[in-house]
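Derivation of every value follows stated rules applied to the coordinates shown; laboratory data play no part. What you see is a predicted model, and the numbers here were worked out from it, not measured in a lab. Note that each Cβ is placed from the backbone with ideal geometry, even for glycine, and that neighbours are counted across all protein chains shown.
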2 protein chains.
Amino acid sequence: MPHLRLALAQLNTTVGAVEANADAALEWCRAAARSGADLVLLPEMALTGYPVEDLALRTSFVDASVAAVGRLAERLETEGLGGLVVVVGHLDRAADRRPENKASVLHGGRVLAGYEKHHLPNYGVFDEYRYFRPGTEMLVVRVRGVDVALAICEDLWQDGGPVQAAAEAGAGLLAVVNASPYESAKDDVRLELVRRRAAEVGCPLAYVNLVGGQDELVFDGDSMVVAADGEVLARGPQFVESLVLADLELAAATATEVALPVGPSGMTVRRVLDLGPVSTPAATPPQPVETPMAERLDRLAEIHAALVLGLRDYCAKNGIRTVFLGLSGGIDSTLVASIACDALGAENVHGISNPGAWSSEHSRSDAAELARRTGLHFSTVEIAPMVDAFEAALELDGVAAENLQARVRAVIWMARSNQDGPSIVLACGNKTELAVGYSTIYGDAVGGFAPIKDVPKTLVWELARWRNEQAGRRGETPPVPEGTITKEPSAELRPGQRDTDTLPPYEVLDRVLESYVGTDTGLGEMVAAGFDAALVQRVVQMVDRAEYKRRQYPPGTKISFKAFGRDRRLPITNGWRETDPGRGGVSVSDVTDA
Amino acid sequence: MPHLRLALAQLNTTVGAVEANADAALEWCRAAARSGADLVLLPEMALTGYPVEDLALRTSFVDASVAAVGRLAERLETEGLGGLVVVVGHLDRAADRRPENKASVLHGGRVLAGYEKHHLPNYGVFDEYRYFRPGTEMLVVRVRGVDVALAICEDLWQDGGPVQAAAEAGAGLLAVVNASPYESAKDDVRLELVRRRAAEVGCPLAYVNLVGGQDELVFDGDSMVVAADGEVLARGPQFVESLVLADLELAAATATEVALPVGPSGMTVRRVLDLGPVSTPAATPPQPVETPMAERLDRLAEIHAALVLGLRDYCAKNGIRTVFLGLSGGIDSTLVASIACDALGAENVHGISNPGAWSSEHSRSDAAELARRTGLHFSTVEIAPMVDAFEAALELDGVAAENLQARVRAVIWMARSNQDGPSIVLACGNKTELAVGYSTIYGDAVGGFAPIKDVPKTLVWELARWRNEQAGRRGETPPVPEGTITKEPSAELRPGQRDTDTLPPYEVLDRVLESYVGTDTGLGEMVAAGFDAALVQRVVQMVDRAEYKRRQYPPGTKISFKAFGRDRRLPITNGWRETDPGRGGVSVSDVTDA
């Protein structure tokens, strides 16, 4: 059986930074060559970053991507690495000038062949059918006597098409390049999928995925090689860049046709039989390489890592070094501050305490204690003088007066960020309060990035406790003051206010939201499933009314799929009411008063 | 030749308000019956409104739509209108439970047959491929001896498919139901398209379109009937609801097959030969009906009508009666105030003047003069006390101090809106300043709706002049003070500030933006087309950096397609720079200081 040394490069790219991405790709190819690899796989759209959205429609950008892939092939050759077979994802265009999501095969200083993604996802965070022309041809490249079939991400998730075509072609290895965003508990789904597809094709499957944050998305890596019998032959780490190496004994190819007619898969198969001698600068080392078998993170560690990487990369990729945030002493801003310290270093985090008329003593002391534990920059600005100045001119009461306090705080954060920046303000809203509209527009909702916008309130507490335990295990100071975790949540915008004055208990609320928002379950179905009818009615009404506020929310890290970013697209003017399907009224005005 | 009396009902629907939309549909059918119509066409998705976005994925919503169309058929029958043939657009589901964009034929108290949209647009503001299963079958219904073929909106814009299938079926009339949003200068494009398709099919084409504002979109009606030789037989008005009637002499159908095999169109044809007797409650009147031939509005009248309707419907459909806005005495807020008065009545418009340290005398007097001319509610709140209170605590200078003034104003507007509402604040930013980031986040960018967010600055002046001329022609007071139109634009956030300190002259800037943003033209191409290289470089840099701010901008009325709403989707973390394709840097921090 022919032997192939495979290198999966799970790297961190930046959308649009074509040359920087190409430099990184070259660097990983060098490392792969040093390890004696024959075949290097780089992720989907590695040269352009993912997702490029409307950049795909810009002629100059497509030109740059096409130029970059040719140049990468030339540079490899110039450095004596032309013998490597490199598969790299990038943006290209078809003869009719429509954009394509492509994986090109580089060898001998040239772009030898390319595979265009067949199944274009157009749901959730994906809009590929909007941009790309689907490919109709399977590409098989013979490398050291092994027929390597190519596929891109969604091609693996859909039945029929490329996976089937790879089987028809009798592939010895299915190489799949991916840009698959992190979802909580998605890893197991991916592994099972990869196992099933490897079995269907009857050969090992190599899966390489991006790493890193891109706006709302986080890519988690987790590249792997799985045998046809389901055995995991190699697995990369989560959330960090890595080169995953594997030595594979693969079936020798015997087919001689360069093209197969359309089979049951609906695709033609094109075969590159002779791409020239595959060689590596060093002779293939006699010793097998060490194949990584990274351990899976547990549930909370995984989510925490996604949040930290999402914030870190958003800042790094946007030229932001420091962040400002308001510290109320509550659990949300405390967790965000802790994540920010982990992501950027405490020296780059500025916490501002803004006590007001109804702030409790523990709000001040818990915020100061957080600063002491983490080492972040801490300052206090009382809001009374500004609030008084507004109230003298405006005579406010009720919700208007509550909102005013939140907005004065936001003006302070933005002013400090503008004055002492360049920086951004972090919004500390969680998924639960965002869903039900329990926040002030232009007040606590202010910020350029919302690290926990996809974290339900109950998970906020879980993560805070987990982070403290982690610190304890490492002999470090737990960042979150105990009082912050145990005290009853309150916005402290009026005397004696408690969240439960307005909201159901968070344990209950989060379960209803997971059903209504997370799985689009209707009111009737929820009641049938055992939820209290009045409670569900109340929550659904809040959610339906909060859509307007959600539309103005800043981007932030996602930890699951069904969140409130691009993937939940509801009209603002929306007369549909689950709670009154007959005569649903629309009312933005209900939510502009936050 | 058989005679058919046709009624095109261009009505104003609300997304989600299924029962209210069905009531309106019934009301228009009654009116059509009173006029002796045989065949009534209601627009695409008339029962659900358009676009429904993720509501299409909600089981309970699809159920409601399906129930509504059946109930409408029953109600027609109950009222003695079962003899009418009614074609109405709505959301449905296929056997595999995927949502469909459907036009159903109602007659005799039943839903007789349905046509599923074949070409699903997935560009610009459209995301239909994301939601709907495409249909593969052409439907032809014989009405009074005439074979009427059905199609939905995009089916008309794409070559092949339904138009071709209608020709293969030998249709005597092609009836197309639409939800086609307004774009400036789109009318002529539509008319030419309808003419071309009528010629291709070889029979008259009836085109019915929605009217009304839905979030960022405005539907303009402009329904029409065009003969095979291109003659316009009837045309409805723009931007108002209307029943367009036409008497048509059409070719008698002779075909007897109920199904045609797949032809060159790629679609099968299904024919309903006998739907039962078509009758109207009144005998068909001997006199021909009066067929409307609405005149086209000129360019500025059309745009102004779109802006007024967009704001009026956003408020009406969201339960908002009053609006608040800051009046600076400048052209942008003045035009918005004038549009708001036209849309909602001056009695529902609250203008607030917020003079600051650098406000000129004419800022105050022009704002007061605007109030006097229009009759809107006017008040003045000086910002000095609040600004002083912040500055005492924060010590700000430069851009941070400028932003502070803008944000204090926004807090005042929001507080007044919260206190005296329910209402929303209107954001007065125009397309030009939005594109280049010349505004303060959480300052002048604040608002629930931005009426002129798609109006370039030069067009703002044109519209202001046009509105004054209109008033003059009608013998009314021109709303816009002359000084507001003629004075040099300034943000007045520092002494002697002028827009041209930061921006190129607006005439030049708007031309560059039309090219770069409007048509996605690259920097090289723009320079080749004669633009000054340094100027283009400067503008493009500003636009690329302003993306972050744009993402947080509230929705507002669109007047053209390539705007900054959902249809321009760029990653925030975007390393691509036209001005430096090699090493594009990303820098959100450049724009958070507004």
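Counting neighbouring Cβ atoms within 10 Å and putting the fewest first, the residues A:Met1, B:Met224 line up as A:Met1, B:Met224. Dividing the radius of gyration of the alpha carbons in the protein assembly as shown by their Kirkwood radius gives 0.98 for Rg/Rh. Comment: the Cα-to-Cβ extended label point of B:Gly263, at 7 Å, lies 3.8 nm from its counterparts in the other copies, nearest first. Amide H contacts under 5 Å for B:Leu112: B:Val105, B:Leu106, B:His107, restricted to partners 5 or more places along the chain or on a different chain, H placed in the peptide plane at 1.01 Å from N. B:Asn354 sits among other residues whose Cβ lies under 9 Å from its own Cβ, and their net charge, with Lys and Arg +1 and Asp and Glu -1, is 0. What the Cβ-Cβ distance of B:Glu507 and B:Val232 gives, at R0 = 25 Å and to the nearest 0.05, is a FRET efficiency of 0.10. Prolate is the label for chain B, because a/c, from the alpha-carbon gyration tensor with a ≥ b ≥ c as root eigenvalues, is 1.5 or above and a/b exceeds b/c.
Once you have a ≥ b ≥ c as the square roots of the Cα gyration tensor eigenvalues for segment B:3-279, tell me rounded if a/c is under 1.5, and otherwise prolate or oblate according to whether a/b is larger than b/c.
In terms of gyration-tensor shape, rounded.
To the nearest 0.05, how large is the calculated FRET efficiency for A:Ala393 and B:Lys487 if R₀ is 22 Å and r is the Cβ-Cβ distance? Given R0 = 22 Å and the Cβ-Cβ separation, E is 0.20. Near A:Asp127, no amide H atom lies under 5 Å from its own; only residues 5 or more places off or on other chains count, and H is placed 1.01 Å from N. Only helices enter the 222 nm calculation for chain B: every DSSP H run of n ≥ 4 contributes -39,500 (n - 2.57), and dividing by all residues gives -11000 deg cm²/dmol, rounded to 500.
For A:Val262 and B:Tyr123, a Förster radius of 30 Å and the Cβ-Cβ distance give a FRET efficiency of 0.55, rounded to the nearest 0.05. Computed over neighbours whose Cβ is under 9 Å from that of B:Val163, the net charge equals -2, Lys and Arg +1, Asp and Glu -1.
In nanometers and ordered shortest first, the copy-to-copy spacing of the A:Gly202 label point, defined 7 Å from Cα toward Cβ, is 5.3.
Pairs A:Lys431/B:Lys102; A:Lys431/A:Lys549; A:Lys457/A:Lys558: which are spaced more than 24 Å apart, C-alpha to C-alpha? Listed pairs above 24 Å: A:Lys431/B:Lys102. For segment A:91-106, the Karplus equation 6.51 cos²θ - 1.76 cosθ + 1.60, evaluated at θ = phi - 60°, returns couplings of 7, 9, 9, 7, 4, 7, 6, 6, x, 10, 9, 10, 10, 9, 9, 9 Hz by residue, with Gly and Pro reported as x. Among beta bridges from DSSP that stay inside chain A, the antiparallel ones total about 55%.
Within 10 Å of the Cβ of each residue in B:436-444, the mean number of Cβ atoms contributed by other protein chains is 3. Would you please classify the overall shape of segment B:299-551 from the alpha carbon gyration tensor, given that a ≥ b ≥ c denote the square roots of the eigenvalues, rounded means a/c under 1.5, and beyond that prolate means a/b larger than b/c while oblate covers the rest? Taking the square roots of the gyration eigenvalues as a ≥ b ≥ c, segment B:299-551 is oblate. Only beta bridges with both residues in the protein assembly as shown are counted; by DSSP, about 55 percent of them are antiparallel. Note on A:Lys487: aspartates and glutamates with a C-alpha under 14 Å away, same-chain residues under 8 apart excluded, are A:Asp332, A:Glu361, A:Asp366, A:Asp499. Per-residue Karplus couplings for segment A:553-558, computed as 6.51 cos²θ - 1.76 cosθ + 1.60 with θ equal to phi - 60°, are listed in order as 6, x, x, x, 6, 9 Hz, Gly and Pro entered as x. Exposed loop positions in chain B were taken to be chymotrypsin sites (Phe, Trp or Tyr not before Pro) whose DSSP state is not H, G, I, E or B and which have at most 16 other beta-carbon atoms within 10 angstrom. Between these positions, the longest stretch is B:359-594. The mean number of Cβ atoms from other chains found within 10 Å of a Cβ in peptide A:385-391 is 6, as a whole number. For B:Pro2, the shell of other residues with beta-carbons less than 9 Å away shows a net charge of 0, using +1 for Lys and Arg and -1 for Asp and Glu. Distances between copies of A:Trp157, taken at a point 7 Å out from Cα along the Cα→Cβ vector and listed shortest first: 2.6 nm.
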